[in-house]
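For reference, the structure is listed below as structure tokens.
The values are calculated or read from the model by the stated rules, or taken from the named source; none is laboratory data. Everything quoted here is computed from the prediction, not taken from an experiment. So basically every Cβ, Gly included, is an ideal-geometry build from the backbone, and we count neighbours across all protein chains shown. When the accessible area is computed, the model is the full protein with side chains, heavy atoms only, and any ligands, DNA or RNA have been set aside. Shrake-Rupley method; radii C 1.70, N 1.55, O 1.52, S 1.80 Å.
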Amino acid sequence: ATNGGMAMPGATGKTLTRTLNHGNGQTATLSGTGGLNINTPGIFNNEANATFVLSSDCSFNGSGTFANAGTFQRTTSPGTAFASVAFTNAGTVEVLSGTFQISGPSYTQTAGSTLLNGGNITNSFPLLIQGGTLGGVGTITGNINNSGGPVAPGLPAGTLTLVGDYTQGGSAAYTVEIGGLVAGTEHDQLVLTNPGFGTGDASLGGDLNVTLVNGFDP
């Protein structure tokens, strides 16, 4: 366990091969180019009251797991940061700058939120949204399998673009705010594209949740 903040700068990689519990309201920052290797049986637990900041274009590698129950922020750099470990989220993941590229083996969200607010996500495997919210404004390049949470574009109104396919199960929902006729500024929109194949595929089950805002009366 950590009792204080953590700074992981520099060009030398860091390796974790055990369980590390990061909490106590502290912040861990991964910067530089060295990256973090989490190898089995290694698990990095970012606990509910902790923050993990990824501020550079480095990577998570290895066969271990990054388990977020607190706040994970991709910040500062306009480039691409990589995650090639199993990533679980029950807290808050915020992509505030650049691109967060998730290259596997999985991204599973059971609660909390994944929010695009100035940055984008690229994923090689489907994002598995089993609970919590996926939303914001930006582009997700990859497929989404939403089996149990709302997808909610906008901050509060805005466009979430998916370059890929969207599957929404019977226990999931699509949640939008409508405050006018202009997409992206007055009402939310989920745009699906799939280069080379035209429009991306959408398979829709579950609920459609619509909230009227700004006194709009359609």
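All of Gly135, Gly179, Gly206, Gly169 fail the test of being at pLDDT 95 or above, open to solvent by less than 60 Å² (accessible area, probe 1.4 Å) and at positive phi, apart from Gly206. Among the residues that make up the range 140-156, is at least one of them within 19 Å of the chain's Cα centre (by Cα), open to solvent by 40 Å² or more (accessible area, probe 1.4 Å), farther than 21 Å from Ala83 by Cα and at pLDDT below 95? Yes, the range 140-156 contains a residue that is within 19 Å of the chain's Cα centre (by Cα), open to solvent by 40 Å² or more (accessible area, probe 1.4 Å), farther than 21 Å from Ala83 by Cα and at pLDDT below 95. Only one of the listed residues (Leu116, Leu127, Leu96, Leu134) is farther than 26 Å from Ser171 by Cα and of a type in the set (A, V, I, L, M, F, W, C). That residue is Leu96. So which residues in the range 72-87 are part of a strand (DSSP E or B) and either surrounded by fewer than 19 Cβ atoms within 10 Å (Cβ to Cβ) or in contact with a helix residue (DSSP H, G or I) (Cβ under 8 Å, 6 or more places away or on another chain) (or both), if there are any at all? Selection gives Thr80, Phe82.
Considering Leu96, Leu116, the condition of being open to solvent by 40 Å² or more (accessible area, probe 1.4 Å), modelled with pLDDT of 95 or more, of a type outside the set (Val, Ile, Thr) and in contact with a strand residue (DSSP E or B) (Cβ under 9 Å, 6 or more places away or on another chain) is satisfied by Leu96 alone. Taking the numbered list (1) surrounded by fewer than 20 Cβ atoms within 10 Å (Cβ to Cβ); (2) part of a loop (DSSP other than H, G, I, E, B) in turn, Thr29 passes all entries but (2).
Limited to the range 38-63, what total is found for residues that are modelled with pLDDT of 95 or more, crowded, with 21+ Cβ neighbours inside 10 Å and outside any strand (DSSP E or B)? Count: 1.
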